[in-house]
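Participant: This is the structure, below, for whatever I ask next.
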Amino acid sequence: MTDLDQQITRTLRQRAEGDVDIDQLLHTSRARGRRRQAHRRVAAGTALSLIGALGVVGVTGTGLDGLTSRMPWTTAAPTPTVVPPRADGVPGAAADPALVGADPQVLHVGVDPDRARYLGWEVIRDQVETVRLSVAGSEEVRIDVGRSIELPSSVTIDGASFEVTEPGRPNFDGAVRPASGMARGLVKLWQPVPGLYARAVMLHGDRAVLNQAVGALRWKEARRCAAPLRLGALPEGARVTVCSVDIASYPRLVTARFALQRSPVENMSVEYRYASRAGTYTEADRTIAGRPALLSAKGTRLELVGIPRTRLTADFGWPWDGERPANIFTEAEATALLAQVKLSEDPTKPQSWE
């Protein structure tokens, strides 16, 4: 992925109000750029290509971000800070490394908000805790923390996925090295405390930023995996295995996902998406706790509708494409789960998150 691709992807994610076909937009922007290069310098052609791509998704205002004559990545407008609430009474990773990943709704590492900005967080039960952050408006740095040296090799940064692997046994010596699978990426492996393994990854080679991001981590505090929604009673025998929140484009866009599991073949995903410029979906064929709802054509996905600028779905039939096995979550269980979901009245006010 080129720098232009990354910028387009980043900007579209910031302004997304629905599903966006990134590949098609990139194809369109590149085609326009090639035509303009015959008459203008490469830099000008690149900028106009980006403008053409963004025009497809209906960005409005005198500038691409609604500000006069400013490109979205040059505006000095401050971004509001979101900090997940403390998990009272829970020790941080430094005090008890064994807690890392034990509770998918608690992060055992924090970030100093005076030194970095949260972009998102995620906990995968019994595997890894992840914090995504930026330092002084720089690009994203992803931090993965686990109790095993085998941290997940697949990582997503700025909306793009990469494989980060080291030949042989990983060396957690604290050195900053080029990241495999990234043309200009950097990776740092280290042990914050005995029994704990951490990895910091970024797309571009700025060692100072990477080290600043690592220095902003706080290992003696725990924070809740808070989101603009809270799940109620879970289906019998089910447990939450993933809690994931993305606030990279807050307050314009907030997304969250919870994964539930009852057995290796029984999975359910609850996904939340708030976009400040989105419309309100109203098509419905049933009601859930007095709210209109819609069942997908395949009968494996339920969506609560009529919530302004918000989409909330429970996908209970994945990942089966063919004949579904009998032992999967049912529509009745998905209905009961959505009936008890508690939503924040204002997703742009993190103090109301659960």
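Participant: List the residue pairs whose Cβ atoms are under 8 Å apart, where the first residue sits in segment 299-311 and is within 16 Å of Pro228 (Cα to Cα), the second is assigned to a loop (DSSP other than H, G, I, E, B) and of a type in the set (Lys, Arg), and the two are 6 or more positions apart or on different chains.
Facilitator: Arg309/Arg277
Participant: Taking the stated definitions as given, is Arg230 in contact (Cβ under 8 Å) with a residue 60 or more places away in the chain, within 27 Å of Asp346 (Cβ to Cβ), open to solvent by 40 Å² or more (accessible area, probe 1.4 Å) and under 25 Å from the mean Cα position of the chain (by Cα)?
Facilitator: Numbers: in contact (Cβ under 8 Å) with a residue 60 or more places away in the chain: yes; within 27 Å of Asp346 (Cβ to Cβ): yes; open to solvent by 40 Å² or more (accessible area, probe 1.4 Å): yes; under 25 Å from the mean Cα position of the chain (by Cα): yes.
Judged against the criteria, Arg230 is a match.
Participant: If you go through segment 102-119 one residue at a time, how many are surrounded by fewer than 21 Cβ atoms within 10 Å (Cβ to Cβ) and in contact (Cβ under 8 Å) with a residue 24 or more places away in the chain?
Facilitator: Selection size over segment 102-119: 6.
Participant: Could you look through segment 113-126, keep only residues that are outside any strand (DSSP E or B) and in contact with a Lys or Arg (Cβ under 9 Å, 6 or more places away or on another chain), and pick out the one that is nearest to Pro251 (Cα to Cα)? Talk me through it step by step, then tell me what you get.
Facilitator: Going residue by residue through segment 113-126, those that are outside any strand (DSSP E or B) are 113-116, 125-126.
Filter once more, keeping what is in contact with a Lys or Arg (Cβ under 9 Å, 6 or more places away or on another chain): 125-126.
Working: Arg125: 28, Asp126: 31 Å.
Looking at residues that are outside any strand (DSSP E or B) and in contact with a Lys or Arg (Cβ under 9 Å, 6 or more places away or on another chain), I get Arg125.
For every residue, the table says whether it meets (1) open to solvent by less than 60 Å² (accessible area, probe 1.4 Å); (2) closer than 26 Å to Ala102 by Cβ; (3) modelled with pLDDT under 95; (4) touching a Cys at 6+ places or on another chain (Cβ under 6 Å).
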site	(1), (2), (3), (4)
Ile149	yes, yes, yes, no
Arg169	no, yes, yes, no
Pro178	no, no, yes, no
Arg184	no, no, yes, no
Trp190	yes, yes, no, no
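Participant: Please tell me if Ala284 is assigned to a loop (DSSP other than H, G, I, E, B), of a type in the set (A, V, I, L, M, F, W, C) and without any contact (Cβ under 8 Å) to a residue 24 or more places away in the chain. Before the answer, list the steps.
Facilitator: Numbers: assigned to a loop (DSSP other than H, G, I, E, B): yes; of a type in the set (A, V, I, L, M, F, W, C): yes; without any contact (Cβ under 8 Å) to a residue 24 or more places away in the chain: yes.
Yes: the conditions hold for Ala284.
Participant: Let me ask you something else. Could you tell me how many of the residues in segment 114-139 are modelled with pLDDT under 95 and touching a Ser or Thr at 6+ places or on another chain (Cβ under 7 Å)?
Facilitator: So the answer is 0.
Participant: Another question, then. Among (1) assigned to a loop (DSSP other than H, G, I, E, B); (2) touching a strand residue (DSSP E or B) at 6+ places or on another chain (Cβ under 7 Å); (3) under 17 Å from Tyr118 (Cβ atoms), where does Ser138 come up short?
Facilitator: Failed condition: (2).
Participant: I would also like to ask the following. Taking segment 285-314, which residues are open to solvent by less than 40 Å² (accessible area, probe 1.4 Å) and charged (D, E, K, R)?
Facilitator: Glu303
Participant: Another question about this same structure. Applying the selection to segment 272-284, what residues are surrounded by fewer than 18 Cβ atoms within 10 Å (Cβ to Cβ) and of a type in the set (D, E, K, R)?
Facilitator: From segment 272-284, those surrounded by fewer than 18 Cβ atoms within 10 Å (Cβ to Cβ) are 276-280, 282-284; that's our starting set.
Within segment 272-284, Arg277, Glu283 qualify.
Participant: Next question. Could you grab me the full set of residues in segment 248-264 that are touching a strand residue (DSSP E or B) at 6+ places or on another chain (Cβ under 9 Å) and closer than 19 Å to Val123 by Cα?
Facilitator: Passing the criteria: Ala248, Val254, Thr255, Ala256, Arg257, Phe258, Ala259, Leu260, Gln261, Arg262.
Participant: Can you say whether Val155 is outside any loop (DSSP other than H, G, I, E, B), modelled with pLDDT under 95, surrounded by 21 or more Cβ atoms within 10 Å (Cβ to Cβ) and among the aliphatic types (A, V, I, L, M), as far as the supplied structure shows?
Facilitator: Numbers: outside any loop (DSSP other than H, G, I, E, B): yes; modelled with pLDDT under 95: yes; surrounded by 21 or more Cβ atoms within 10 Å (Cβ to Cβ): yes; among the aliphatic types (A, V, I, L, M): yes.
Spelling it out, Val155 is indeed outside any loop (DSSP other than H, G, I, E, B), modelled with pLDDT under 95, surrounded by 21 or more Cβ atoms within 10 Å (Cβ to Cβ) and among the aliphatic types (A, V, I, L, M).
Residue by residue, here is whether (1) within 22 Å of Asp112 (Cβ to Cβ); (2) part of a strand (DSSP E or B); (3) among the acidic types (Asp, Glu); (4) open to solvent by 50 Å² or more (accessible area, probe 1.4 Å) holds:
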{"site": "Ala226", "(1), (2), (3), (4)": "yes, no, no, no"}
{"site": "Glu236", "(1), (2), (3), (4)": "no, no, yes, yes"}
{"site": "Gln261", "(1), (2), (3), (4)": "no, yes, no, yes"}
{"site": "Val270", "(1), (2), (3), (4)": "no, yes, no, no"}
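Participant: List the residue pairs whose Cβ atoms are under 8 Å apart, where the first residue sits in segment 137-158 and is farther than 17 Å from Val109 by Cβ, the second is surrounded by fewer than 18 Cβ atoms within 10 Å (Cβ to Cβ) and of a type in the set (Gly, Ala, Ser), and the two are 6 or more positions apart or on different chains.
Facilitator: Here the result reads Ser154/Ser161, each pair linking segment 137-158 to a residue that is surrounded by fewer than 18 Cβ atoms within 10 Å (Cβ to Cβ) and of a type in the set (Gly, Ala, Ser).
Participant: Go through segment 160-203 and count every residue that is free of Cβ contacts under 8 Å to residues at least 40 places away in the same chain, within 14 Å of Ile143 (Cβ to Cβ) and outside any loop (DSSP other than H, G, I, E, B).
Facilitator: Looking only at that region, the number is 6.
Participant: May I pose another question? If a residue has to be in a loop (DSSP other than H, G, I, E, B) and in contact with a Pro (Cβ under 8 Å, 6 or more places away or on another chain) to count, how many in segment 86-108 make the cut? Talk me through it step by step, then tell me what you get.
Facilitator: Within segment 86-108, the subset in a loop (DSSP other than H, G, I, E, B) is 87-96, 100-105, 108.
Among the residues that remain, those that are also in contact with a Pro (Cβ under 8 Å, 6 or more places away or on another chain) are: 93-94, 108.
Qualifying residue count for the region: 3.
The values are calculated or read from the model by the stated rules, or taken from the named source; none is laboratory data. Predicted model, so just to flag it, every value in this text is computed and none were measured. Every residue, glycine among them, receives a Cβ derived from its backbone with ideal geometry; neighbour counts consider all protein chains shown. Just so you know, the surface numbers come from the protein's heavy atoms only, side chains and all, with ligands and any DNA or RNA stripped out. Shrake-Rupley method; radii C 1.70, N 1.55, O 1.52, S 1.80 Å.
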